[in-house]
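The values are calculated or read from the model by the stated rules, or taken from the named source; none is laboratory data. Because the structure is a prediction, the values reported are computed rather than measured. Every residue, glycine as well, gets a Cβ built from its backbone with ideal geometry; the counts of neighbours run over all protein chains shown.
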Amino acid sequence: MLMQNYARVGLGFKCGKGSVLWDLNGEDYIDFASGIGVCSLGHAHKKLAKTISKQAHTLLHTSNIYKIKPQEELADKISRLLGSPYYLFFANSGAEANECAIKLARKYGNSFENKKYEIITLGNSFHGRTIATLKLTGQEKFHPNDFAPYPDAFKFFNSIDEIIENIGENTVAVMVELVQGEGGINPLKKEEIQKLAKVLKEKNLLFITDEVQCGIYRTGEFATSKLYDVEPDIITFAKGLGGGVAIGACASRQDIFKPGDHGSTFGGNFLASSAGICVLNELEKMKKTGKLDITIAKFTKKLDNIVDLFPDIFEKRVGLGLMQGLVLKDPQNLSKIFNKALEHRVLVLKSGKNTVRFLPPLNINKKEIKQGFKRLEMAISDL
Ligand SMILES: *Cc1c(COP(=O)(O)O)cnc(C)c1O
């Protein structure tokens, strides 16, 4: 039996292809969620399947005490896509990538005369489900007493200006999602982020971006920090990087750890690293040929159209690239739309209290977009 930690819907799938999934009765669903932004190449992608299969027939796992060539290759690739040298650590999830960032920041804090250790995040943020990343998450509802006590020295404030005002003696780093994913689709303001980055740089403190959800071309660039014209000291990635294979990555401009400081049994093994390389190669191609930008434009237009069609239901569209949300006028409609969409066989996500969230596969095609929005329109009409 399974633990009851998830609010599951009574539906499961047996196979998929591109942005279509088939349930156990053989009914097709259009996938505007890709897990939660995980299946960046959709389902049953030929090249990714071939890469994984080939790797399984060669070598899946050794240990991080040995050299792992695809891991080194993936690190170099990420560094190249970021446009400047970064040191990489590979984990298996977003929370673990953030745990690595926390440890890097705490160790970096030793370099000051009086050790600095406090990390500040934003209200409405989400950074993971481990005990430390729960506390890092800037929403009180994620710190219930059930799991207390929590680790110390994590603070959150509700605006970038407030964060800047509250950088104190003990502060070592500020971590933000450039586009908040769980707390409503909320792209932060570019000028504010640039100001924050500048202030932190002047104080020799670390600027960390959690790009677990918004990274890996989700917002149209490899890293969302590129869109914001900032060079974070540390960036974390996960969801879309393995196309469905579990992998997390923490990229740091400084090489802070010494041997023994951190580790992971599975992190960056042959399977995960080779999947990551394949995903990035494919996405890089889509970006270079202009295909990704065309898809973004099409999808965005369809979303704007939904807002125009249902002005009583939606307030506005929010988001960047293929990380989008439709903000509802009445939060009560969130679960209703989620369920109606399921009935009409199109998969969407919820975000925050009042936002319908869209994280489709980045290679979703014209036909799938058209079909998905047709179903969504019917679902909303049927409210
Ligand atoms: C999903 C998410 C995480 C946690 O990732 P897991 O792989 O579930 O541990 C952390 N930060 C952000 C921004 C996320 O969206």
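Brief remarks on what is shown
- Number of positions in region 105-119 that are away from the ligand (no atom under 16 Å from the Cβ) and outside any loop (DSSP other than H, G, I, E, B): 7
- Listed conditions (1) part of a loop (DSSP other than H, G, I, E, B); (2) away from the ligand (no atom under 16 Å from the Cβ) are all met by Val199, apart from (1).
- Region 123-148, residues that are surrounded by 24 or more Cβ atoms within 10 Å (Cβ to Cβ) and not in a loop (DSSP other than H, G, I, E, B): Thr133, Lys135, Leu136, Gly138
- Pair list, Cβ < 8 Å and 6+ apart or interchain, from region 87-111 residues that are over 21 Å from Lys69 (Cβ atoms) to residues that are near the ligand (Cβ under 9 Å from one of its atoms) and of a type in the set (D, E, K, R): Gly94/Asp210; Gly94/Lys239; Ala95/Arg129; Asn98/Asp210; Ala101/Asp210
- Residue within region 58-77 that is within 16 Å of the ligand (Cβ to nearest atom) and either part of a strand (DSSP E or B) or modelled with pLDDT of 95 or more (or both) present: no
- Tyr29 being more than 12 Å from Ala275 (Cα to Cα), touching a residue at least 12 places away in the same chain (Cβ under 8 Å) and surrounded by fewer than 18 Cβ atoms within 10 Å (Cβ to Cβ): no
- Qualifying strands (runs of 3 or more DSSP E) (wholly inside region 310-383; at least 1 residues being among the aliphatic types (A, V, I, L, M) and buried (at least 21 other Cβ atoms within 10 Å of the Cβ)): 323-328, 349-351, 355-358
- Identity of the residue in region 44-62, under 14 Å from Asn269 (Cβ atoms) and not hydroxyl-bearing (Ser, Thr, Tyr), that ends up nearest to the chain's Cα centre (by Cα): Ile52
- From Gly220, Gly240, residue being in the same structural domain as Ile68 (by the TED database), touching a Gly at 6+ places or on another chain (Cβ under 6 Å) and more than 14 Å from the ligand (Cβ to nearest atom): Gly220
- Test for Ala101: is it out of contact with any Leu (no Cβ under 7 Å at 6 or more places or on another chain), at pLDDT 95 or above, assigned by the TED database to the domain that holds Val174 and within 16 Å of the ligand (Cβ to nearest atom): yes
- Taken together, Cys250, Cys214 contain a single residue that is outside the structural domain of Gln324 (by the TED database), of a type outside the set (Ser, Thr, Tyr) and part of a strand (DSSP E or B), which is Cys250.
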